[in-house]
Amino acid sequence: MSLRRKTNKVVVSADLTTCSDIIFTLLLFYILTQGYVVQVPLELPEIVSGKHVDSSVSQRIEVTASAAILFNDVLLSSNWEGDLKEKISRLPASYSSSILIVANHNAPAGVVIKIMDRLREMGIYRLAFAGIPLRSER
């Protein structure tokens, strides 16, 4: 005779071999189908100072700290939008280079954004931006 009680416990065991196979297969599928970003090296022109810009590459619009706007070092009037449109319309039809917007570090951001918007309205989408190092105002 046995003094122990019999327990009717059912032991449940889970075989995780198939689970690991599925995880490994999904991981392998993800790795093989992952798109890789190809990094294209760019050669950007080096701007040594705020004045050094190759005029054959781009036209230059400068915004000073006092919100004065210069187009290729020529001061535009208070009606700069009309003057800018006139100067841009004088560019050759084959002009495909970018326009360089050079802003003083104290220049109002709203003016720079407004210039960018006006240039896009004129059909110019290739814009480059540069900053003027700290120096005395014109």
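Net charge in the neighbourhood of residue 101 (other residues with Cβ under 13 Å of its Cβ; Lys, Arg +1, Asp, Glu -1) is +3. Taking the Cα centre of the range 59-132 as reference, the dipole from Cβ charges on Lys and Arg (+1) and Asp and Glu (-1) amounts to some 180 debye. Take the Cα of residue 114, step 7 Å toward its Cβ, do the same at residue 43, and the gap between the two points is 3.9 nm. Only Cα sites of the range 59-132 enter the Debye sum here, all with the same form factor; the resulting log10 I(q)/I(0) across q = 0.15 1/Å is -0.44, listed in q order. The residues 60, 118, 90, when put in order of fewest to most other Cβ atoms within 10 Å, stand as 90, 118, 60. For residue 128, the residues whose modelled amide H falls within less than 5 Å of its own, excluding neighbours fewer than 5 places apart on the same chain, are 99, 100, 101.
Computed from the coordinates by the stated procedures, all read-outs in this text should not be read as laboratory data. The shown structure was predicted, so the numbers you read here are calculated from the model rather than taken from an experiment. Using ideal geometry, Cβ is built from the backbone for each residue, glycine included, and neighbour counts are taken over all protein chains shown.
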